[in-house]
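I have placed the structure first, in the form of structure tokens, so that the comments after it can refer back to it.
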Amino acid sequence: MSALIQMENMYKFYKLGGETITALKDVSLTVEEGDFVSIIGPSGSGKSTFMNIIGCLDKGDRGTYYLGGKEVNSLNDRELAVIRNKKIGFIFQNFHLLSKLTALENVELPLLYRGLDANLRKKMALESLEKVGLKDRASHYPNQLSGGQQQRVAIARALAGNPPLLLADEPTGALDSKTSSEILGILTDLNRRGHTILVITHDHNVARQGKRIVHIKDGELTSDERLFEGIETETVMGGGESHEAIATFQNFTPEHTR
């Protein structure tokens, strides 16, 4: 596998009342194709800023970012829009479906922006809805769907153009626990089919659905945990030190996530 995301020494600064705030500090991250990575951190940790840069919704002030081998931090707004449309499928907490469009039409939107033929758009959108089990709801409007079904439509929309990366921002935040489990199951299944998934969350239970958990605090990545066969392997970063720690998946609770 090759690296889909390569970010090195990324910084992001904001001006607030004459003061410079460092939202991201020396952040480096590599994500391989086919991985399922959860970025977890509390409110104000910098995870939203991190997501915006990964999703090409914003640019860092210092550092490099390659997506699929292309350096994107130096691109202009129009070039970034093309990258977002072709390379990234977005899944949001509040679905962001257009109420006057059917499920099928909502899923077709990113394909419409690509200028694809109507028949091809419909075919690809129906295939995407079928992947999330909603092909039979294609003609329904958002207000005719449950919250979980709306999120499935949003996932289908993210999938429609077969982008290399699915970027999910708190994908279960507006759902009850049962529906949340169903949505996480869909994401896990999509990852098994080869889709690269990156989830932004504050919930450690959601984060554990992935193969890898990256913790962010005060704009810095503090640890990087690889989950496999019921074992959690943690690489702690920061302070010039790095070490590996093994703990059982069920019992391990990092101090910095409490």
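The values are calculated or read from the model by the stated rules, or taken from the named source; none is laboratory data. Keep in mind that this is a model prediction, so the values were computed, not measured. Note: ideal-geometry Cβ built from the backbone for every residue, glycine included; neighbour counts use all protein chains shown.
When the criteria are applied in full, LEU166 meets the requirement of being buried (at least 16 other Cβ atoms within 10 Å of the Cβ), touching a His at 6+ places or on another chain (Cβ under 6 Å), aliphatic (A, V, I, L, M) and under 30 Å from LYS70 (Cβ atoms). In the stretch 97-115, of all residues being assigned to a loop (DSSP other than H, G, I, E, B) and of a type in the set (A, V, I, L, M, F, W, C), the one that is surrounded by the most Cβ atoms within 10 Å (Cβ to Cβ) corresponds to LEU97. Evaluated against (1) closer than 16 Å to LEU167 by Cα; (2) at pLDDT below 90; (3) not β-branched (Val, Ile, Thr), HIS256 falls short on exactly one condition, (1).
Filtered by the rule that a residue be under 15 Å from the mean Cα position of the chain (by Cα), β-branched (Val, Ile, Thr) and in a helix (DSSP H, G or I), the stretch 165-201 gives ILE183, ILE186, THR188.
Of all positions in the stretch 18-31, at least one carries a residue that is touching an Asp or Glu at 6+ places or on another chain (Cβ under 8 Å), closer than 20 Å to ASN73 by Cα, assigned to a strand (DSSP E or B) and of a type in the set (Gly, Ala, Ser). Among the candidates THR188, THR201, THR196, the residue that is at pLDDT 95 or above, under 29 Å from LEU221 (Cβ atoms) and β-branched (Val, Ile, Thr) is uniquely THR196.
Remark: TYR65 falls outside the filter, which requires a residue to be part of a strand (DSSP E or B) and modelled with pLDDT under 95. Applying a threshold of 8 Å to beta carbon distances and a minimum spacing of six or more residues, or different chains, the list of pairs starting in the stretch 98-119 at a residue that is in contact (Cβ under 8 Å) with a residue 12 or more places away in the chain and ending at one that is among the β-branched types (Val, Ile, Thr) reads ALA103/VAL153; ASN106/VAL153; VAL107/VAL153. Which of the following residues is outside any helix (DSSP H, G or I) and either in contact with a Lys or Arg (Cβ under 6 Å, 6 or more places away or on another chain) or modelled with pLDDT under 90 (or both): GLU232, GLU225? That would be GLU232, the only listed residue that is outside any helix (DSSP H, G or I) and either in contact with a Lys or Arg (Cβ under 6 Å, 6 or more places away or on another chain) or modelled with pLDDT under 90 (or both).
I'm checking my understanding of the structure. Among residues of the stretch 82-96 that are in contact with a Cys (Cβ under 7 Å, 6 or more places away or on another chain) and either among the small types (Gly, Ala, Ser) or part of a helix (DSSP H, G or I) (or both), which one is surrounded by the most Cβ atoms within 10 Å (Cβ to Cβ)? Filtering the stretch 82-96 for residues that are in contact with a Cys (Cβ under 7 Å, 6 or more places away or on another chain) and either among the small types (Gly, Ala, Ser) or part of a helix (DSSP H, G or I) (or both), the one surrounded by the most Cβ atoms within 10 Å (Cβ to Cβ) comes out as ARG84.
Selection within the stretch 210-227: residues that are within 16 Å of the chain's Cα centre (by Cα) and surrounded by 22 or more Cβ atoms within 10 Å (Cβ to Cβ). The member of this set that is farthest from GLY133 (Cα to Cα) is ILE216.
Of all residues in the stretch 35-55, those satisfying the criterion of being at pLDDT below 95 and part of a loop (DSSP other than H, G, I, E, B) are GLY41, PRO42, SER43, GLY44, SER45, GLY46.
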